[in-house]
Amino acid sequence: MTTDGGGVAAFGYRYQYLVTAEEILSVLTTHTSDLDGVALIVEPTQTDLSSLEGADDDVVDFAIEIDGTITRRVQVKASRVPSKLNPLKYSEASSIFKRMSSGGKRAEILTNKPLAKKLEKACAAPTNTSDGRQQYLVVAQAITGGQSGPARAVLRDDRRLADIKRSILDLIRGIRRDRALGQGGSPASASPGRPGTHRSGWPVPRRRRAQQVCRRGARIGGPCRRLHPRECGVGFRPDCH
């Protein structure tokens, strides 16, 4: 077990940033017909979570909002060296779900850690998601309180950081290609740096160019905290850190 606290914290922050970036890109590709109503909220505040009575904003790393309603809230738990010696524990997961509140539609823990045996027993048999993660739906009444909602799930993603970065690049390339072809052009026409566009090739609505959601030098938790795919192109630009 490492004692490098700074390195552990840096890894956790980087992992959280990358999976959040991947999420907004995935949302962008799956909600092409209703982007105006979709937003990803990074580090939501108590105001953002006001519709979820009792939700603790300190435990939600990002949330998906559709038409003004939060449909998913996610806590990211990562280990630099995921191991059965340092699993995601039952007590930890139970506490997180409790702090996320019992309202809303879906609460998730996204982790690269293996699940402890007690936590795995509290879940239904794992299923594979379309993006290659293992999904464990929590069924234990001690956690759910016997309520059917919200759906509570642990998503295990054992990919390396390099694999997540490649996925992000693939998603960006796909969005650029689809956007260019949809406009009757070629993938090459979605070049970066054109006035009034993001680097993805997605146009920035004129009314928003003066106050883009995602600005140069922005940091998560600051100007880049609430991302609207329609207004922010691919959500995260390379110059957002």
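Quick notes on this structure:
- Contour excess over end-to-end distance, with Cα ends at ASP58 and VAL8 and 0.36 nm allotted per residue: 16.1 nm
- With the simple spin-label model, which puts each label point 7 Å out from Cα in the Cβ direction, the LYS165 to SER91 separation comes to 3.7 nm.
- Given charges at Cβ of Lys, Arg, Asp, Glu: the range 1-114 dipole, positive-most of VAL60, THR20, PRO82: PRO82
- Convex hull of the range 26-106 built on C-alpha atoms - directionally averaged projected area, nm²: 6.4
- Mean Cβ count within 10 Å, highest first, over the residues of peptides 111-123, 25-37: 111-123, 25-37
- Per-residue packing, averaged as other Cβ atoms within 10 Å, sorts the ranges 91-97, 57-63, 164-170 into the order 57-63, 91-97, 164-170, beginning with the highest.
- In the structure shown, the pairs LYS77/LYS117; LYS117/LYS165; LYS98/LYS165; LYS84/LYS105; LYS77/LYS98 are assessed against 26 Å; a Cα-Cα span above that value is assigned to LYS117/LYS165; LYS98/LYS165; LYS84/LYS105.
- Distance in nm between pseudo-label sites at THR71 and ALA142 (7 Å out along the Cβ direction from Cα): 3.3
- Taking amide H positions as modeled 1.01 Å from N, with prolines and chain starts lacking one, the residues under 5 Å from PHE62 and 5 or more places away or on another chain are GLU43, VAL74.
- Label separation (THR45 vs SER33): 3.5 nm, computed from points 7 Å beyond Cα along the C-beta direction.
- Rounded to the nearest whole Hz, the Karplus-based 3J(HN,Hα) values (6.51 cos²θ - 1.76 cosθ + 1.60, θ = phi - 60°) of the range 165-175 follow the sequence 5, 5, 4, 4, 5, 5, 5, 4, 4, x, 5, with x at glycine and proline.
Readers should treat all values here as calculations from the given coordinates under stated rules, not as data from a laboratory. All values reported here derive from a predicted model rather than from experimental measurement. Methodologically, a virtual Cβ is constructed for each residue, glycine included, from the backbone with ideal geometry; neighbour enumeration extends over all protein chains shown.
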